[in-house]
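Report on one structure; see the data block that follows.
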Amino acid sequence: MLDVHFVRENFDLVREKLSTRKFDPAFARHFTELDGVRRPMIRERDELNAASNRLSKEVGAFMREGKKDEAETKKAESRAVAEKVKGIEAKLDEMDNEFRAILTSVPNLPHESVPVGADESANLEVRRWGRRAISPRRLRA
């Protein structure tokens, strides 16, 4: 399976190499669309987590000062933020599964020394290993 970061950073190379393998280029469009939605959602989740941490600290400070009403208000805000985070994480889990499905369907990239051809007849024999196969007639004798 290709690494997400490698595909993102070398997108044109990946698309070019896969075209030599006659792989459907529709994956590229789907990959970029999904990645374009997923990355801002990750950023939003991280910002909400940071806000939740700030709110928790404020709750602790209000509790130490004996300001229970303010603490309860911040707790309610914190719960609302936590619910948003859960919703985003659920969507991200679905997207990650879809991302994984896309990337597992993509074949490995051919090495630059591999000749491009229509079928296996374009392959070059570099070396052989072992003996040739023995015909079944020779085994009976």
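The values are calculated or read from the model by the stated rules, or taken from the named source; none is laboratory data. Since this is a predicted model, take the numbers as computed values, not measurements. Glycine gets a Cβ as well: all are built from the backbone with ideal geometry, and neighbour counts include every protein chain shown. We work out accessible area using only protein heavy atoms, side chains counted, and drop any ligands, DNA or RNA first. Shrake-Rupley method; radii C 1.70, N 1.55, O 1.52, S 1.80 Å.
If you scan the range 83-109, which residues turn out to be farther than 30 Å from ASN10 by Cα and in contact with a helix residue (DSSP H, G or I) (Cβ under 6 Å, 6 or more places away or on another chain)?
Those that are farther than 30 Å from ASN10 by Cα and in contact with a helix residue (DSSP H, G or I) (Cβ under 6 Å, 6 or more places away or on another chain): LYS84, VAL85.
So which residues in the range 7-47 are more than 22 Å from ASN97 (Cα to Cα), assigned to a helix (DSSP H, G or I) and not hydrophobic (A, V, I, L, M, F, W, C), if there are any at all?
Hits for the range 7-47 are ASP12, GLU16, LYS17, SER19, THR20, GLU47.
Could you check MET95 against (1) modelled with pLDDT of 90 or more; (2) in contact with a His (Cβ under 9 Å, 6 or more places away or on another chain) and say which number it fails?
Here MET95 clears every test but (2).
Just give me the residues in the range 102-130 being surrounded by 10 or more Cβ atoms within 10 Å (Cβ to Cβ) and of a type in the set (A, V, I, L, M, F, W, C), in sequence order.
Scanning the range 102-130 gives ILE102, LEU103, VAL106, LEU109, VAL114, VAL116, ALA122.
Tell me yes or no: at least one residue of the range 82-103 is in contact with a Phe, Trp or Tyr (Cβ under 7 Å, 6 or more places away or on another chain), closer than 22 Å to THR32 by Cβ and either of a type in the set (Asp, Glu) or in contact (Cβ under 8 Å) with a residue 12 or more places away in the chain (or both).
Checked the range 82-103: at least one residue is in contact with a Phe, Trp or Tyr (Cβ under 7 Å, 6 or more places away or on another chain), closer than 22 Å to THR32 by Cβ and either of a type in the set (Asp, Glu) or in contact (Cβ under 8 Å) with a residue 12 or more places away in the chain (or both).
Here is a yes/no grid of residues against (1) touching a residue at least 24 places away in the same chain (Cβ under 8 Å); (2) open to solvent by 60 Å² or more (accessible area, probe 1.4 Å); (3) touching a helix residue (DSSP H, G or I) at 6+ places or on another chain (Cβ under 6 Å); (4) of a type outside the set (Lys, Arg):
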{"site": "PHE23", "(1), (2), (3), (4)": "yes, no, no, yes"}
{"site": "ARG43", "(1), (2), (3), (4)": "no, yes, no, no"}
{"site": "GLU70", "(1), (2), (3), (4)": "no, yes, yes, yes"}
{"site": "LYS75", "(1), (2), (3), (4)": "no, yes, yes, no"}
{"site": "ARG79", "(1), (2), (3), (4)": "no, yes, no, no"}
